[in-house]
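**Q** What follows is a single structure, and I will ask about it in a moment.
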Amino acid sequence: MKTRILAFPIVALLAAACGSKGGNTEADSASASSSDSIQIETTATLPDSIAGDTIAAYISDDLKKFGLHGKVKSVKTKEYSSFVSCLSGPLTFNEEGVLTSNFSDYTDNEISYNHDGFIDETECRESDGTTFELEFTNFDTEGNPVSGKYKSEGPEEIWEVTFTITYLEFDKENNWTKRTFKGDSTSRTMNDAGDYGRPQTEPFTATESRTITYYSNY
């Protein structure tokens, strides 16, 4: 069962910048483990049950939504991301693992979860009407996405990417610290007549690394 959260006042895999091809993003977020601890207005229906027999235990529901093991304090992504998400970071959590980040860059936000309780899709809209959709289509047993697709559609261009993700480095808690995206991107630019031109396809590659800090008493 897929579960959706609609977030109304917030505006943007992952800090996000305006533009159809990118944003400075850190990572993604969701609602709190037992109450509305995230600082955005949402309506949510959580899964009736979360299948997790093959997945390592998580300290809180919020940490699990991001596939984060251990008593995580913050997560900060280093690179300028190619993908805009409604979840702009960095991510911060209290000692109970409740998400405390505030996201307020984009509007008409939607966050979805897969049947295991991991975030698998985000959608948002920029002030000029540009929409951003990021979807993870497959996950490994640790909750890390391994494939997905992205689409930004605005008044000047449509940009779409299909990709796979390879994880290169992990820390002591088995949280990833470096990964690569590889796939194909297709762009269509609007002409003077107001129509999108023929699609142009090219290979897509991006590398993402992040720093994770933990509470010292863990």
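**Q** Do you know which of the residues in the stretch 119-129 that are among the charged types (D, E, K, R) and either under 18 Å from residue 180 (Cβ atoms) or part of a loop (DSSP other than H, G, I, E, B) (or both) is least open to solvent (accessible area, probe 1.4 Å)?
**A** So the residue we want is 126.
**Q** What number goes with the only condition from (1) surrounded by 14 or more Cβ atoms within 10 Å (Cβ to Cβ); (2) under 22 Å from the mean Cα position of the chain (by Cα) that residue 188 does not pass?
**A** That leaves (2) as the condition not met.
**Q** I'd like the residue in the stretch 191-218 that is assigned to a strand (DSSP E or B) and of a type in the set (Ser, Thr, Tyr) and, out of all such residues, is surrounded by the most Cβ atoms within 10 Å (Cβ to Cβ).
**A** Ranking the qualifying residues of the stretch 191-218, first place goes to 214.
**Q** Can I ask one more? Please determine whether any residue of the stretch 81-102 is aromatic (Phe, Trp, Tyr), modelled with pLDDT under 85 and either closer than 29 Å to residue 203 by Cα or open to solvent by 10 Å² or more (accessible area, probe 1.4 Å) (or both).
**A** Within the stretch 81-102, none of the residues are aromatic (Phe, Trp, Tyr), modelled with pLDDT under 85 and either closer than 29 Å to residue 203 by Cα or open to solvent by 10 Å² or more (accessible area, probe 1.4 Å) (or both).
**Q** Picking from 151, 182, 178, 172, which residue would you name as being among the basic types (Lys, Arg) and within 22 Å of residue 60 (Cα to Cα)?
**A** Values: 151 fails: within 22 Å of residue 60 (Cα to Cα); 182 fails: within 22 Å of residue 60 (Cα to Cα); 178 fails: within 22 Å of residue 60 (Cα to Cα).
Step by step, each of 151, 182, 178, 172 is checked, and only 172 is among the basic types (Lys, Arg) and within 22 Å of residue 60 (Cα to Cα).
**Q** Also, I was wondering about something else. Residue 185 fails exactly one of the following numbered conditions: (1) at positive phi; (2) at pLDDT 95 or above; (3) not basic (Lys, Arg). What is the number of that condition?
**A** Only one criterion in (1) at positive phi; (2) at pLDDT 95 or above; (3) not basic (Lys, Arg) is unmet by residue 185, namely (1).
**Q** Related question: Assess whether residue 132 counts as being out of contact with any helix residue (DSSP H, G or I) (no Cβ under 6 Å at 6 or more places or on another chain), open to solvent by less than 10 Å² (accessible area, probe 1.4 Å) and under 18 Å from residue 60 (Cα atoms). Spell out how you get there, then give the answer.
**A** Numbers: out of contact with any helix residue (DSSP H, G or I) (no Cβ under 6 Å at 6 or more places or on another chain): yes; open to solvent by less than 10 Å² (accessible area, probe 1.4 Å): yes; under 18 Å from residue 60 (Cα atoms): no.
Against the criterion (out of contact with any helix residue (DSSP H, G or I) (no Cβ under 6 Å at 6 or more places or on another chain), open to solvent by less than 10 Å² (accessible area, probe 1.4 Å) and under 18 Å from residue 60 (Cα atoms)), residue 132 does not qualify.
**Q** Another question, if that's okay. Scan the stretch 103-117 and report the pairs whose first residue is assigned to a loop (DSSP other than H, G, I, E, B) and at pLDDT 80 or above and whose second residue is surrounded by 21 or more Cβ atoms within 10 Å (Cβ to Cβ) and not basic (Lys, Arg), with Cβ atoms within less than 6 Å and a gap of 6+ or a chain change.
**A** Note: pairs meeting the criteria are 114/120.
**Q** What number goes with the only condition from (1) open to solvent by 70 Å² or more (accessible area, probe 1.4 Å); (2) part of a loop (DSSP other than H, G, I, E, B); (3) within 24 Å of residue 73 (Cβ to Cβ); (4) not aromatic (Phe, Trp, Tyr) that residue 141 does not pass?
**A** (3)
**Q** Scanning for something among the aliphatic types (A, V, I, L, M) and not in a strand (DSSP E or B), does the stretch 158-173 turn up at least one residue?
**A** Within the stretch 158-173, none of the residues are among the aliphatic types (A, V, I, L, M) and not in a strand (DSSP E or B).
The values are calculated or read from the model by the stated rules, or taken from the named source; none is laboratory data. Since the model is a prediction, treat every value here as computed from it, not as a measurement. For neighbour counting, all protein chains shown are included, and Cβ atoms are generated from backbone atoms with ideal geometry for every residue, glycine included. Remember, those area values only see protein heavy atoms, side chains included, never the ligands or the DNA or RNA. Shrake-Rupley method; radii C 1.70, N 1.55, O 1.52, S 1.80 Å.
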